[in-house]
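The values are calculated or read from the model by the stated rules, or taken from the named source; none is laboratory data. None of the values given here were measured: they were computed from a predicted structure. Neighbour counts run over all protein chains shown; Cβ positions are idealised from the backbone, glycine included.
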Amino acid sequence: CSESDLGPISLNWFEELSTEAPP
Amino acid sequence: DVAEPLTAALPDGPREESLQFVSELKEPWCSGAVDVGAVWWAAAGCRELRVVTACESAVSLWQPRAPACWARVHTWHLREIPVIQIVPLPDTCNLVCVALGELEIGEIRLLLYSSDTDSFKHSLVKTGNIKAVVGLKDWRLVSSSRTMQEQQVEMVFLSETGGSKDRQTLMPPEETVTAFAEVEGMSEALVGTTAGNSVVVWNLRTGQLLRKMHVGYSYPVSISHRAYSDSGLLFVVLSHPHGKESEPCGSPAFRVVAFNPRTGRSAPVTSSCLPPGPAGRRGDVWDTAGAAVLTSGAVAVWDLLRGCCTAVLPPGPAGQWALARWAPGGAGLLAGRRDGTVQLYRY
C-alpha cells in the first residue's frame, strides 16, 4: 500500500491523536 | 487424509518439519475440554512453563516431568458457573485467568497459589455481561461489558495476590466491542473491533478513544487478534470466524490490514486463506504466526506476514482437534481434543 492510498502518514500519530481527542 | 488435499492445494505447501511433537497429556476424567493454555510458574527457585486445561467445572495445572510427561499439580473446581475460556495474561507468573459464563462471559476469575496460606485459591475480578476480554502486559486486564443502557470498557490492574490494585475506565465506542488486541511495542495503545465492523484505538493511560476506523463492507465480521505499529501505520491481524469463501484462494482465516490512524483509511496487506472446502474456526495468534482449528478437525498454521500456510496437523485416529493455542514465549503450539488430550508441538 502507498501513501496515496492511505493519505498522509505521521510517525507520531498516537501522540497527535491523544492531543486532539476529547479527554 | 486431511493433510494431503490441504497440502496439495496450498501454493507453497506446509513444511512437515515446522511442527514437531514434544509431549502429550490426558485429563482422564474430562469429557468436554473447553480450552487449553500455558503459563509461567515459579516454585522452589525454578521458573517453568506449565500447561493449563479447562473443562466446564474444573481447571487443572500440569507440571512437566521428564521425559515428555506431565503431572497434574492442582485442580481448581468451579462448579457454580461453567468455565468457557482461559484468558492468557502475558508476562505474568503463577497466575491463571479464566472466564466463566453461559452464552456469554458473566465472571472473570484469577486462579493462583497463595504462599501466605500455602494453598491454591481463586478470586473474582469482574462480573457483568462481558462481551470481550484481553490480558495485557504489566498485569493488566481489559474487558467490555454491556447493560441495557450503556457499554463499559474497563482496565483492571491485577495484583500478585489475586486482587485488583486499580481500575481505569476507557471511553466506550457506540458499537459493542467484540474483541481487543494489544499493540506490539506500544504498551499504552489498545486496539479493538466492534459489532459494526470497525477497528477502534484507545490510549490506555488517559482512557481516550482515539480513532474509529471502518474495516470495510467487503469483509465479514472481524475479530482483532494482534496489532503492530510501524512507520506510522497500524497493522491489525483480523480473523473472520463466520467468514465465507469470498476470495479466489478460498476462505480467509486471517487478514493483515494496514490502517493509517491519522486518516482512518485502510488497505489490505496479506490474506491467509484456506483452500476451498474446509471452513475455519476462531483462531489464535502469536507473534506473526496464526493457528486455527478447521471444521474438518485439522489444525492449520499460517505465516501471517507472508500469507501462507506453514503447517497442518491432521486429525489422528484418536479423533479431531478442537482447540489450538500458542504457548507464551515461543514455547510452541498446544492442540487439544474434546476428550481432554493435549499435545504440545514445537514450532
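Filtered by the rule that a residue be of a type in the set (Ser, Thr, Tyr) and part of a loop (DSSP other than H, G, I, E, B), the stretch B:292-333 gives B:Thr295, B:Ser296.
Taking the stretch B:199-212, which residues are surrounded by fewer than 20 Cβ atoms within 10 Å (Cβ to Cβ) and more than 8 Å from chain A (Cβ to nearest Cβ)? Scanning the stretch B:199-212 gives B:Arg205, B:Gly207, B:Lys212.
For the stretch B:187-198, the tally of residues that are within 10 Å of chain A (Cβ to nearest Cβ) and surrounded by fewer than 17 Cβ atoms within 10 Å (Cβ to Cβ) stands at 1. Mind checking which residues of the stretch B:141-166 are in contact with a strand residue (DSSP E or B) (Cβ under 9 Å, 6 or more places away or on another chain) and either over 19 Å from B:Val201 (Cα atoms) or at pLDDT below 95 (or both)? If the condition is that a residue be in contact with a strand residue (DSSP E or B) (Cβ under 9 Å, 6 or more places away or on another chain) and either over 19 Å from B:Val201 (Cα atoms) or at pLDDT below 95 (or both), then B:Arg146, B:Thr147, B:Phe157, B:Leu158, B:Ser159, B:Glu160, B:Thr161, B:Gly162, B:Gly163, B:Ser164, B:Lys165, B:Asp166 are the ones that fit. Within the stretch B:336-347, the set of residues being assigned to a strand (DSSP E or B) and more than 26 Å from B:Tyr228 (Cβ to Cβ) comprises B:Gly336, B:Thr341, B:Val342, B:Gln343, B:Leu344. Within the option set B:Ala292, B:Ala318, being more than 14 Å from chain A (Cβ to nearest Cβ), more than 18 Å from B:Arg346 (Cβ to Cβ), modelled with pLDDT under 85 and in contact with a Lys or Arg (Cβ under 9 Å, 6 or more places away or on another chain) holds for one residue only, B:Ala318.
Scanning the stretch B:172-183 turns up one or more residues that are crowded, with 19+ Cβ neighbours inside 10 Å and more than 20 Å from the chain's Cα centre (by Cα). Taking (1) at pLDDT below 95; (2) touching a Gly at 6+ places or on another chain (Cβ under 7 Å); (3) crowded, with 16+ Cβ neighbours inside 10 Å in turn, B:Lys26 satisfies each apart from (3).
So which residues in the stretch B:204-225 are at pLDDT below 95 and of a type outside the set (Ser, Thr, Tyr), if there are any at all? Hits for the stretch B:204-225 are B:His214, B:Val215, B:Gly216, B:Pro220, B:Val221, B:Ile223, B:His225.
Every residue, every condition in (1) closer than 18 Å to B:Val87 by Cα; (2) more than 14 Å from chain A (Cβ to nearest Cβ), yes or no:
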| position | (1), (2) |
| --- | --- |
| B:Ile130 | yes, yes |
| B:Ser143 | yes, yes |
| B:Thr147 | no, yes |
| B:Gln152 | no, yes |
| B:Ser159 | yes, yes |
| B:Pro173 | no, no |
| B:Thr176 | no, yes |
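Residues of the stretch B:280-291 that are part of a strand (DSSP E or B) and acidic (Asp, Glu): B:Asp284 alone. Restricting B:Leu100, B:Leu89 to those that are within 22 Å of the chain's Cα centre (by Cα), outside any strand (DSSP E or B) and closer than 14 Å to B:Ser143 by Cα reduces the list to B:Leu89. Applying the set (1) surrounded by fewer than 16 Cβ atoms within 10 Å (Cβ to Cβ); (2) modelled with pLDDT of 95 or more to B:Ser115 leaves exactly one unmet item: (2). From the list B:Val156, B:Val183, the lone residue that is β-branched (Val, Ile, Thr) and in contact with a Lys or Arg (Cβ under 6 Å, 6 or more places away or on another chain) is B:Val156.
Beta carbons closer than 8 Å, at least 6 apart along the sequence or on distinct chains, pair a first residue in the stretch B:184-201 that is of a type in the set (D, E, K, R) with a second that is in a strand (DSSP E or B) for B:Glu184/B:Arg226; B:Glu184/B:Ala227; B:Glu184/B:Tyr228; B:Glu184/B:Ser229; B:Glu188/B:Asn203.
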